[in-house]
Amino acid sequence: MTPMAEDLLSVLEPKSAKGKSAKIALPKGLDRAKVQRMYRLMVQTRQLDDRAMKLQRQGRIGFYVPSIGQEACAVGSAFALSDKDWCYPSYREPGAALAVGVSIQAMIHQLYGNAEDVTKGRQMPVHYAFRKQRYVSVSSPIGTQIVQAVGTAMAQRIRKEKAISITYFGDGATSSNDFHTGLNFAAVYKAPTIFLCSNNQWAISCPLGQQTASDTIAVKAKAYGMPGVRVDGNDVLAVWQATSEARARALAGEGPTLIEALTFRIGPHSSSDDPSRYRPNEQLETWQKKDPIERLKKFMKSAGMWTEAFEKEVVESAIDEVNAAVKHAETVPLPASSTLFTDVYATMPPHLVEQQERLLALEKAQGGAEIDKNAAFPL
Amino acid sequence: MTPMAEDLLSVLEPKSAKGKSAKIALPKGLDRAKVQRMYRLMVQTRQLDDRAMKLQRQGRIGFYVPSIGQEACAVGSAFALSDKDWCYPSYREPGAALAVGVSIQAMIHQLYGNAEDVTKGRQMPVHYAFRKQRYVSVSSPIGTQIVQAVGTAMAQRIRKEKAISITYFGDGATSSNDFHTGLNFAAVYKAPTIFLCSNNQWAISCPLGQQTASDTIAVKAKAYGMPGVRVDGNDVLAVWQATSEARARALAGEGPTLIEALTFRIGPHSSSDDPSRYRPNEQLETWQKKDPIERLKKFMKSAGMWTEAFEKEVVESAIDEVNAAVKHAETVPLPASSTLFTDVYATMPPHLVEQQERLLALEKAQGGAEIDKNAAFPL
Amino acid sequence: MTTMTLLQAVNSGLKDIMQDDDRVVVFGEDVGINGGVFRATEGLTKQYGEERCFDTPLAESGIIGVAIGMALYGMRPVPEIQFADFIFPAFDQIVSEAAKMRYRSGGEFTCPMVIRTPYGGGIRGGHYHSQSPEAYFCHTPGLKVVVPSTPYDAKGLLISSIRDEDPVLFLEPKRIYRSTKQDVPEGVYEVPLGKARIARAGKDVTIVTFGAMVSICEKAAEDAAAKGMDVEIVDLRTLLPLDEEAILTSVAKTGRLVVVQEAPRFCSFGGEISAIVAEKAIEYLQAPILRVAGFDTPFPYSLEHVYMPDAKRVLAAVERAVNF
Amino acid sequence: MTTMTLLQAVNSGLKDIMQDDDRVVVFGEDVGINGGVFRATEGLTKQYGEERCFDTPLAESGIIGVAIGMALYGMRPVPEIQFADFIFPAFDQIVSEAAKMRYRSGGEFTCPMVIRTPYGGGIRGGHYHSQSPEAYFCHTPGLKVVVPSTPYDAKGLLISSIRDEDPVLFLEPKRIYRSTKQDVPEGVYEVPLGKARIARAGKDVTIVTFGAMVSICEKAAEDAAAKGMDVEIVDLRTLLPLDEEAILTSVAKTGRLVVVQEAPRFCSFGGEISAIVAEKAIEYLQAPILRVAGFDTPFPYSLEHVYMPDAKRVLAAVERAVNF
Ligand SMILES: Cc1ncc(C[n+]2csc(CCOP(=O)(O)OP(=O)(O)O)c2C)c(N)n1
Ligand SMILES: Cc1ncc(C[n+]2csc(CCOP(=O)(O)OP(=O)(O)O)c2C)c(N)n1
Ligand SMILES: [Mg+2]
Ligand SMILES: [Mg+2]
């Protein structure tokens, strides 16, 4: 499949000028505490994913999209943001949500779509939205967020705010209309936007070569007159560095950057998918060896940033937090039927008032509707 | 504005290795008769445009889009096609229609939208469609034809036909969704398609720099892993050569090519537009000096392919043909009211039969509807 | 007060609201130096600078997508789509994104923006410069759809739309952009969304209509009056959310309903009016509910005058209803 | 005859028509080796090769645009849109291009193709895997819109659609993809477009519906029968062009009409049914025309079961109509 190109930015596997492996140099701006924090975020993401996939298999939540193997892309990039920056994620960046300060509990409520879910059970699991963290509502339609992120960046510039927007998407999304439009608008207006493509080399069952005939995703930046950068997406430090550099350029008025983070989707596309139908096993095995958590751990060990005790604390506290959140979420009921009608508009218009009243009257007279036990996604 | 890049393919103004101007070499495959034919097609196009703009100003037709200054793009490229190739034009390629064998009379009927117009007066002027010449129905929405051309090319390949499709569009259209999708699909499937962008440097009032931040249009091909070629669009021989080469590659199974033909829109965007509102006069003057007809004429003179008598015959016969066609078109009535309802479907469904009957009954009872004399495009 | 055309009223509304609210940003194809192909944005770049009124690349999905991102952030974008016929590349951003943002995020994110676009026939624009696509948007919960029919309403409704907290599609009837003038106040004022206007009071038949069809219906009503039929015209002004009450009140009075629109009939907005009345006021009806609409064909060029509902066709329906 | 689910019937229809007509080409996201996310195209690539069934890049506008180019050329493309909710990026190609090609070119170019897409709720797919967008397409002259409700019809209607000379949107009710089985003939056969089916004969109330709502209405009809109300169910099968005659005949018999659909109510397809009856059969009506529909909100996730019309809500409407 896609070979690792020569110009792949890597921190954890640096090459000397002669192509030999060289000593790892921590990127400027990072320190021990920050590296440990990124490690923790990746572990939390992994634990959340693991547990959520199990909950789905047990029928306790309806659907899930794991990001296993791609934690470095989300965490490394989002960790480079400041608290005025806006984030337009796809469904495969729970690590970014954690990195910008969303709580595991809030995310797990969303998976249950219960009455404490801030999005009121309106969307399928993993379609998070957190206003406080400027973590914009995840959409299912692929690519739509890309151009929206540009709008926010343009507004930030009009408002002269020292902030940027970042948007996440996959290799498949580069085929979407909005990829084209988003990158083009951003370049024309020199909008302070970072386009982070997690190139995990598959779009459900379609390999990268069926998505595009270009050698890389990064080269697509040339079409828009913007810089394109290719980074080892399983190297959280390299992702952090590439994002930080792009962010600095954006703040300096130099416009957007396309970052291609080369990675791999270790798990299924979603809880509905069976990759053994289409994906060669060898490819999976090759990539399993590049696990982003293991790679960072190896470096941290060598740099004296990692101990068994640290590991234990990180893993156990992540598990505990997830467990507690699941436990609580399962005590919370579904949203009330009346919430079906709110938030369509700021003020409920007469026809919705009428529909709401009629439904509540019917429920009162005959009892509520029953959940269809046969319904499962996808059928 | 956009500078003439170094790598601009030119036949009429060849540069030697040292950058000095060199002797003009007729591209392989062209001869005296063919060059003369292209000259004639450009003159016909110009005469048609000239007259049609006047008809519009006189209120005899409702709308027109001139291609003055861009004749070489359409004629040079379409002249390179064979009679199995399919053509997906935009509104600014009357020269391509003439080159693939459409008659001036057929085009002028369309401008009048009369009962002899093959498209039955269904669309505004210049939205031609000619099945016999595989000249696909021009659409107003920008860019839509680009991806359709790819579908035809894919079908040609499935059918193992020795034929290609070509599609025309402007610089503005490179911002459209369909530009992205069309080029991407074509490259992935190695479809035998030629994408011919007539970069006339304006999209109505928006200059190229507001459309894209890339230095050229041709560079956009890189995003799709296909060759991008830049050609002097006011040099009909160079356009012919670039198209012929791209066509040969396509037939050889080597896939699509993006050709950027650098040119300039001498006239207004359309009969509704006033370029003096937005366009610097110097730019116009610079480009008027590169008139594609004058440039070819100069070469033909020097190559002994042009005489006064030839010129006279070419111009006069073009004028005569246009005049005769206008004269005839004006004798033809509008399509009958009943034609409003045909061609929505292959077979008229009951609800349209009913609507048709009701209308005809009303017309019979009360007389037909009146034309609104105040209606003019755009209001 | 100044006497203005509908087009001037739109321009005036934009100017005044941009003065009033610095979150308002206007953009689209050719809206800057060119002032829009109809000149609705004339002078805005000059007055407010290129950051507040600017041209965009030729991509409607980009225009709307960018507007959404701005709205989420806290601006009040007012993107223009050059002709309503060209809104479809942005359809996904409008119906999947702008319309659903508030709901799907549980109110965390909202999308106040106004998409202005000229719509409708009668300008010899043929297939792709004439359509009336309101039905597509009226079927999309989360959107509001507004259509003025007079200069005064155009300005007031536009300002109300821009001040509204939800995304609004503002359809401007281009056929009457310059056809009549009316006194229009200077400065900002509102005409409330969701409230219809009785364009003409009458007792025999109700016509429900909007946009450029209002004046056609007024003409038909005069012809009807000459024949002794007293027509009431309800000009909806906002199609979604609909002023059901105004319609039902009028129908309860007249007992007869004719719905008039330019768009094709099948599965259209006008059908919703019929359906509501057939559900809620059938007991008042003394005649079938009739619709006068565009035919169920694409919009033609040469035969535009035959295609579009005119006073004759409206009158014929009024007569049918009265004589039933 | 083989007993098949609706999904298997679709797959069988594709297999047989591809055998019968070598112009038929199938493509879309994940339709190749993966056989489609629902497996509707399972085995096609294996049987007919990668030129006749293949995966595409992730771009619905590309899928449909390419299909148009193939259809113009003379193929019979059958593109798949993975979920109907994702059809909107292709909206422009469908409504501006495919639908209008024959008309705008005066019949010079035609666009026979079938867009297959699973639609509707009831699978816990939330916002973007549940919508019923038929109204958008039914308002678009030049398109046909077909919705099967049984395995037998699914195969026969699909084959008729592929043989049709015009573009067809073929909406597959995914909720009932695997819920029931039926005998389905082997080999190609047709169920004609434009003809409704009386799914249940009755004399007191007419229900007009289609797709996955047919079985919901059948359940409601049984409950109604238990209460002494005799319900007739018209399963439309083709929404455009509509079998008006079947509807009017039934309403003339029963004098009462309930329209049932999953989509939101406002400006929907169901409204058209009401409007037609309110225009053409009002003299037969003994009750208001009622609609049972999705609420006018985006499609929810957790409360899907409350949102979707169920037998209870249908029954309530039937009772209201009968007791009016
Ligand atoms: C517009 C649209 N079309 C189709 C889908 C169905 N779908 C969901 S995810 C997906 C593949 C996405 O691939 P990619 O962009 O590479 O992201 P990844 O899942 O690999 O992270 C598809 C086809 C969709 N969600 N939206
Ligand atoms: C989708 C769409 N948006 C807007 C328009 C209005 N419009 C017509 S031509 C045009 C500019 C096209 O520019 P370009 O592609 O460079 O072609 P040119 O006219 O210069 O030949 C615009 C904006 C349209 N026809 N279609
Ligand atoms: Mg991917
Ligand atoms: Mg141009």
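Bear in mind that the values in this text are calculations on the coordinates, not laboratory data. This is a predicted model, so every value here is computed, not measured. Cβ sites come from the backbone with ideal geometry, for glycine too, and all protein chains shown count toward neighbours.
Can you compute log10 of I(q)/I(0) for the stretch D:197-322 with the Debye formula, treating each Cα as one identical point scatterer, at q = 0.11, 0.13, 0.21 Å⁻¹?
So the normalised log intensities work out to -0.32, -0.45, -1.20.
Residue B:310 label points, 7 Å along Cα→Cβ, one per copy: pairwise distances from this copy to the rest in nm, shortest first?
Label point to label point, same position, other copies: 8.3 nm.
Apply 1/(1 + (r/R0)^6) to the Cβ-Cβ distance of residue C:1 and residue B:324, taking R0 = 45 Å, and write down the FRET efficiency to the nearest 0.05.
According to the calculation, E is roughly 0.20.
Taking the label point 7 Å from Cα in the Cβ direction, how far apart in nm is residue C:201 from each other copy of itself, listed shortest first?
Here the equivalent label points are 5.5 nm apart from this one.
According to the square roots a ≥ b ≥ c of the eigenvalues of the Cα gyration tensor, what is the shape class of the stretch B:32-329, taking rounded for a/c under 1.5, prolate for a/b larger than b/c otherwise, and oblate for the remainder?
Working: a/c = 1.31, a/b = 1.29, b/c = 1.02.
Rounded, since a/c falls under 1.5.
List the equivalent ellipsoid semi-axes of chain C in whole Å, largest first, each obtained as the square root of 5λ for an eigenvalue λ of the Cα gyration tensor.
That gives 33, 20, 19 Å for the three semi-axes.
Classify the stretch D:1-160 from the C-alpha gyration tensor, please: rounded if a/c falls under 1.5, else prolate or oblate depending on whether a/b exceeds b/c.
Here the stretch D:1-160 falls in the rounded category.
Report, by chain and number, residues whose modeled amide H sits under 5 Å from the one on residue D:259, excluding near sequence neighbours (fewer than 5 apart, same chain).
D:208, D:290, D:291, D:292
Counting other C-beta atoms within 10 Å, and keeping those with at most 10, which DSSP coil trypsin sites (Lys or Arg not before Pro) do you find in the stretch B:28-67?
On the way: sites: B:28, B:32, B:34, B:37, B:40, B:46, B:51, B:54, B:57, B:60; in loops: B:28, B:60.
Here the sparse-neighbourhood loop sites are B:28.
For peptide B:129-137, what's the mean number of Cβ atoms from other chains within 10 Å of each residue's Cβ?
Working: counts 7, 3, 7, 1, 1, 3, 2, 8, 11.
Mean partner shielding for this stretch: 5.
On a 0 to 90 degree scale, rounded to 10, what angle separates helix D:311-322 from the longest Cα axis of chain D?
50
If you put a point 7 Å past Cα along the Cβ direction, how far is that point for residue B:333 from the same point in each other copy, in nm, smallest first?
Spacings between copies for this position, smallest first, are 7.3 nm.
When Cβ neighbours within 10 Å are restricted to other protein chains, what is their mean count per residue of peptide A:367-374?
The per-residue average across the peptide is 5.
Please give the average number of partner chain Cβ atoms lying within 10 Å of the Cβ of each residue in D:21-28, rounded to a whole number.
Taking all residues of D:21-28 together, the mean is 1.
Taking Cα pairs under 8 Å and at least six residues apart, what relative contact order does chain D come out at, in percent?
16
Working only with C-alpha atoms, what are the Rg and Dmax values of the protein assembly as shown, expressed in angstrom?
Gyration radius and largest Cα-Cα distance of the protein assembly as shown: 31.1, 98 Å.
Restricting to DSSP H runs of at least four residues, report the calculated mean residue ellipticity at 222 nm for chain A, -39500 (n - 2.57) per run over all residues, nearest 500 deg cm²/dmol.
Helices in chain A give a 222 nm mean residue ellipticity of -13000 deg cm²/dmol.
Please order C:111, B:197 by the number of other Cβ within 10 Å, starting at the fewest.
Arranged by neighbour count, lowest to highest, C:111, B:197 become C:111, B:197.
Using 5 Å bins from zero, what percent of all Cα-Cα pairs in the stretch B:1-131 falls into each bin?
2, 10, 17, 19, 17, 13, 9, 7, 4, 2, 1, 0
Beyond a 25 Å Cα-Cα separation, which of these cross-linked pairs lie in this structure: A:220/B:20; C:155/C:227; A:34/A:312?
A:220/B:20; C:155/C:227
What are the ³J(HN,Hα) values, in whole Hz, obtained from phi via the Karplus relation 6.51 cos²θ - 1.76 cosθ + 1.60 with θ = phi - 60°, for each residue of the stretch A:78-83 in sequence order, with x given for Gly and Pro?
Result, ordered by residue: 5, 5, 7, 8, 9, 7 Hz.
For the stretch D:72-140 and the stretch D:204-247, write down the distance between their C-alpha centroids in whole Å.
The distance from the Cα centre of the stretch D:72-140 to that of the stretch D:204-247 comes to 26 Å.
Just report the Cα centroid separation between the stretch A:4-46 and the stretch D:265-302, whole Å.
61
Charges only on Cβ, +1 for Lys and Arg, -1 for Asp and Glu: so what's the dipole of chain D about the Cα centre, in debye to the nearest 20?
640
So who's got an amide H within less than 5 Å of the one on residue A:267, skipping anything under 5 residues away but keeping other chains? H placed 1.01 Å off N, in plane.
For residue A:267, whose amide H was placed from the backbone, the distant partners under 5 Å are A:68.
With every atom except the alpha carbons ignored, what do you get for Rg and Dmax of the stretch B:253-379, in angstroms?
When restricted to the Cα atoms of the stretch B:253-379, Rg and Dmax are 24.7, 69 Å.
Would you work out if the stretch A:336-379 is rounded, prolate or oblate? Take a ≥ b ≥ c from the square roots of the eigenvalues of the alpha-carbon gyration tensor; rounded if a/c is under 1.5, else prolate when a/b is larger than b/c, oblate otherwise.
oblate
For the stretch B:313-379 and the stretch C:156-202, write down the distance between their C-alpha centroids in whole Å.
One Cα centre to the other: 35 Å.
Amide H to amide H under 5 Å from residue C:239: which residues, 5+ apart in sequence or cross-chain, H placed 1.01 Å off N in plane?
For residue C:239, the qualifying residues are C:145, C:146, C:147.
Lone cysteines in chain D, going by a 4.7 Å Cβ-Cβ cut-off?
For chain D, the answer is D:53, D:111, D:217, because their Cβ atoms have no other cysteine Cβ under 4.7 Å.
Tell me, what HN-Hα J-couplings in whole Hz come from the Karplus equation 6.51 cos²θ - 1.76 cosθ + 1.60 at θ = phi - 60° for each residue of the stretch B:126-142, using x for Gly and Pro?
In residue order, the calculated couplings are 6, 8, 6, 8, 9, 4, 4, 8, 6, 9, 6, 2, 5, 10, 6, x, 5 Hz.
Run lengths n ≥ 4 of DSSP H only: what is the helix-derived mean residue ellipticity at 222 nm for chain D, with -39500 (n - 2.57) per run over all residues, to the nearest 500? Write out the running numbers ahead of the final one.
Numbers: 11 runs with 109 residues, N = 324.
Using -39500 (n - 2.57) per qualifying helix, the result is -10000 deg cm²/dmol.
Report, in debye and to the nearest 20, how large the dipole of the protein assembly as shown comes out about its Cα centre when Lys and Arg carry +1 and Asp and Glu carry -1 on their Cβ.
About 2580 debye.
Give the peptides B:348-359, A:236-247, B:78-89 in descending order of average Cβ contacts within 10 Å, highest first.
Result, highest mean Cβ count within 10 Å first: A:236-247, B:78-89, B:348-359.
With no solvent and one equal point scatterer per Cα, compute the Debye intensity ratio I(q)/I(0) for the stretch D:1-85 at 0.20, 0.27 Å⁻¹ and report its log10, rounded to two decimals.
At q = 0.20, 0.27 Å⁻¹ the computed log10 ratios are -0.89, -1.44.
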